[in-house]
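Shown next, in structure tokens, is the structure this report addresses.
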Amino acid sequence: MIAVTGATGNVGRVLVELLAGAGEEVVAVSRRPGSAPPAPGVRWVPGGAGDAAGLRAALDGARAVFLVLGGELNFRGESPDALLDAVADAGAERIVLVSSQVSATRPDAPSHARLRAFEAAVRASGREFTILRPGGFASNALAWADAVRAERTVFAPFGDVALPVVDPADIAAVAAAALREDGHAGRVYELTGPEPISPREQAGAIAAALGEEVAFVELSREAAHAGMARFLPEQVVAGTLDVLGAPLPAERRASADVAAVLGRPAAPFAAWVARNLPAFA
């Protein structure tokens, strides 16, 4: 049995489908299990990585556990040791943790301190582990969906700063391999798309998929900050804008790890748009 936390998220939802499709018995853990359709071999249970005590029953008997931390866990919530104790008590032998590329590229960034603490706890757990460090998600473009539908316009800062955003489905596929296959223990995979793409170019890809013009309006850093601050803590807003506006060379570079694990190139942004086009139509 494989336990998947965050099972209705951008990565977890696809991962549950991949594991179930491969014939695995899956316990899918989500704060909103009722929002997921039933599937053969999948048992949905309420919970999340922020509640180690509540996870114990869900994880019981799992041989492998996929851990993705809810956004609030980057800053507060369950301690890493409590969560890893729950995994150990369940008897799980293998852990796959979703961290972030920024945990490595900006080791002093306060916005990712919690993720660094969880990485350290996983390494010290005595279990087989694989750490996934994705860059920016292609699915972050869903934040533009309302404006694209209503105004055929994308509003975003740093219009010409390109980063190799990763398709969440590729993260899920790498996680499925690490959960099911040998040969990934102790590995840290940096997961990106195949090439850097700017917000302006992303808007162009959405326009091409729609077959309609989509305007791009570049926001100032201050305007972007004000919008993000409505739903994110201050240190996350500042850290995110630093990466988006002044990425380090390592953050601009496309990694070969998706291709190395999956035996195929990482999916381009246009492929993600094609699968998610109804959100923008």
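Among DSSP beta bridges whose residues both lie in the stretch 95-241, state the antiparallel percentage, nearest 5. That works out to approximately 5 percent antiparallel.
In the chain, the calculated helix contribution to ellipticity at 222 nm averages -11000 deg cm²/dmol per residue, counting -39,500 (n - 2.57) for every DSSP H run with n ≥ 4.
Take the chain with all the other protein chains still there, run a 1.4 Å probe, and you get 43 Å² of accessible area per residue. Taking 0.36 nm per residue of sequence separation and removing the Cα-Cα distance, the residue 264/residue 181 pair yields an extension gain of 28.2 nm. Estimated from the Cβ-Cβ distance and a Förster radius of 25 angstrom, the FRET efficiency linking residue 123 and residue 56 is about 0.70.
Net charge of the neighbourhood of residue 204, taken over other residues with C-beta under 13 Å away and scored Lys/Arg +1, Asp/Glu -1, is -2. Projected label points at residue 213 and residue 39, each 7 Å from Cα along the beta carbon direction, are separated by 4.1 nanometres. Inverting the pair-averaged 1/r between distinct Cα atoms of the chain gives 19.3 Å as its Kirkwood hydrodynamic radius. By DSSP, what percent of the beta bridges with both residues in the chain are antiparallel, rounded to the nearest 5? Given both bridge residues lie in the chain, the antiparallel proportion sits at roughly 5 percent. Taking 28, 266, 246 in turn, the Gaussian network model of the chain (Cα-Cα springs below 10 Å) assigns the largest fluctuation to 246. For the chain, the carbon plus sulfur part of the accessible surface works out to 53%, probe radius 1.4 Å. Other residues within the sphere of radius under 13 Å centred on the Cβ of residue 98, judged by their own Cβ, net out at -1 (K and R +1, D and E -1). Estimated from the Cβ-Cβ distance and a Förster radius of 30 angstrom, the FRET efficiency linking residue 82 and residue 22 is about 0.45. Between residue 146 and residue 275, the distance separating the two model label sites (each 7 Å from Cα on the Cα→Cβ line) works out to 2.5 nm. Using C-alpha pairs under 8 Å with a sequence gap of at least 6, the mean separation divided by the residue count of the chain gives a relative contact order of 18 percent.
The values are calculated or read from the model by the stated rules, or taken from the named source; none is laboratory data. A quick note: this is a predicted structure, and the numbers were derived from the prediction, not measured. Note that we place each Cβ from the backbone using ideal geometry, even for glycine, and neighbour counts take in every protein chain shown. Keep in mind that these areas ignore ligands, DNA and RNA; they rest on the heavy atoms of the full protein, side chains included. Shrake-Rupley method; radii C 1.70, N 1.55, O 1.52, S 1.80 Å.
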